[in-house]
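For reference, the structure is listed below as structure tokens.
Each value in this text was obtained by applying a stated rule to the coordinates, not by laboratory testing. Every value quoted in this text rests on a predicted model; they were computed, and no experiment measured them. Heads up, the Cβs are rebuilt from the backbone with ideal geometry, glycines too, and the neighbour counts pull from every protein chain shown.
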Amino acid sequence: MNKDLKIIYMGTPDFAVPSLKILIKEGWNVVAVITAPDRPKGRGQKLIPSPVKEVALEHQIPVLQPTNLKSADFLEKLKELHADIQIVVAFRMLPEVVWNMPPLGTFNLHASLLPNYRGAAPINWAIINGETETGVTTFFLKHEIDTGSIIFQEKETIYPEDNVGTLYERLMKKGANLVLKTIEAVALGNVTTESQTDSGNLRHAPKIYKETCEIDWNKSAEEIHNLVKGLSPYPAAWTKFQEKTCKFFKTEVSDKVLTNLNTGQYLSDGKTNLIFQTGNGNLKILELQLEGKKRMGIEEFLRGNKV
């Protein structure tokens, strides 16, 4: 197996770290890392490097942080690296001049079983939509986002107790192993790909916005419960409660029958229960954060807040 293939690795957040680490650990020739520019953070607005950049620096791998992926300066630096292949994990959309540059192409890791859940937030939407299975896919890039030919896929069960945080962790690790499997197949020259087929009934995974996270109490308790899980711990589902924004992190569908309550109204015993009437069924709140307060369990919340 030819581990001397020159690899350029592109990624930014935590999700992209295990894939880079496994390539380094297994002795693959990562000649450069491309990641987002450092971002200001905290009160002092100190510039903080991306998680992927931190790993690259730790292993003395050159780092490029372009603000414009089509700039002549960046493209010239990219050409000078003479990469054989590029690997993309949780990075920006690439222009064709970038993804089409290496002779062996560019492959991407995506956290869904493509063609379902193309888009920016596949893990969130799989849980929000109540799926019981998802997975990871490697595929070669082409013009339309997340539509290239599939190389490998591996499935992952979504358990009832999962939220986006727990599922993210498992897919991140499973994805790293799939990246390794993919580069090994490329190096051995035995990659076979499969075109994505669009049945016309695909589910999508668009970017999550604040309005996406607002709870619609007309929906069923089950749907709202899935929304909470699909947005926990970040960015979190929210509603207006006691005239303030309140985020919910953990809920359960309740079998209690609420009488004389309209949709969106709630009932509490002031000790252990806070239950909302939904469009179909009732939702028990287990963990929440009221604006200006810390995140807490329901009993602690009810001890300090009159409901």
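Can you flag which of LYS173/LYS247; LYS21/LYS70; LYS174/LYS229; LYS46/LYS174 are past 25 Å Cα-Cα? Flagged as over cut-off: LYS173/LYS247; LYS21/LYS70; LYS46/LYS174.
What fraction, in whole percent, of alpha-carbon pairs in segment 7-188 exceed 23 Å separation? The proportion of pairs with Cα distances above 23 Å equals 41 percent. Averaging 1/r across all pairs of distinct Cα atoms in the chain and inverting the result yields a Kirkwood radius of 21.4 Å.
For GLY119, neighbours were defined as the other residues whose beta-carbon sits under 10 Å from its Cβ, and their charges (Lys and Arg +1, Asp and Glu -1) total +2.
Of all DSSP-defined beta bridges confined to segment 7-188, some 50% are antiparallel rather than parallel.
What the Cα atoms of segment 39-102 give is an Rg and a Dmax of 13.7, 42 Å.
Antiparallel beta bridges, as assigned by DSSP with both residues in segment 170-307, represent about 90 percent of the total such bridges.
Descending by average beta-carbon neighbour count within 10 Å, the peptides 300-307, 101-108 line up as 101-108, 300-307, the highest first. Let me know the shape class of segment 1-85, please: from the alpha-carbon gyration tensor, a ≥ b ≥ c as square roots of the eigenvalues, rounded when a/c is under 1.5, otherwise prolate if a/b is greater than b/c, or oblate. Taking the square roots of the gyration eigenvalues as a ≥ b ≥ c, segment 1-85 is oblate. Positive-end ranking of ILE215, ALA32, LEU69 along the dipole of the chain, with charges on Cβ about the Cα centre, is headed by ILE215.
Among LYS3/LYS181; LYS207/LYS250; LYS240/LYS271; LYS155/LYS207, which pairs are too far apart, with a Cα-Cα distance over 18 Å?
LYS207/LYS250; LYS240/LYS271; LYS155/LYS207
If r is the Cβ-Cβ distance from LYS41 to GLU154 and R0 is 25 Å, what FRET efficiency results, to the nearest 0.05?
0.15
The value obtained for segment 121-232, namely the Cα convex hull volume divided by the number of residues, is 119 Å³ per residue. Phi angles of segment 87-99 translate, via the Karplus equation with coefficients 6.51, -1.76, 1.60 and θ = phi - 60°, into HN-Hα couplings of 10, 10, 9, 6, 10, 7, 5, 9, x, 4, 4, 8, 6 Hz per residue; Gly and Pro are given as x. Stokes-Einstein D for segment 210-304 at 25 °C, 0.890 mPa s, Kirkwood Rh over Cα pairs, in µm²/s? For the chosen part, D equals 187 µm²/s. Residues within the reach of a label modelled at ASN280 (point 7 angstrom out along Cα to beta-carbon, backbone nitrogen below 20 Å), restricted to segment 155-181, are 160. For segment 7-188, build the charge dipole from Cβ charges (+1 Lys, Arg; -1 Asp, Glu) around the Cα centre, then report which of ASN163, PRO95, HIS143 sits farthest towards its positive end. Working it through, the farthest residue towards the positive pole turns out to be PRO95. Quick one: angle between helix 164-188 and the longest Cα principal axis of the chain, in degrees between 0 and 90, rounded to 10, please. Helix 164-188 sits roughly 20 degrees off the main axis of the chain.
Dipole magnitude for the chain: computed about the Cα centre from +1 point charges on Lys and Arg Cβ and -1 point charges on Asp and Glu Cβ, it is near 960 debye. Cβ crowding within 10 Å ranks ARG39, ARG170 as ARG39, ARG170, fewest other Cβ atoms first.
Put simply, the amide H of VAL63, placed in the peptide plane, has neighbours under 5 Å in VAL33, leaving out anything fewer than 5 places away on its chain.
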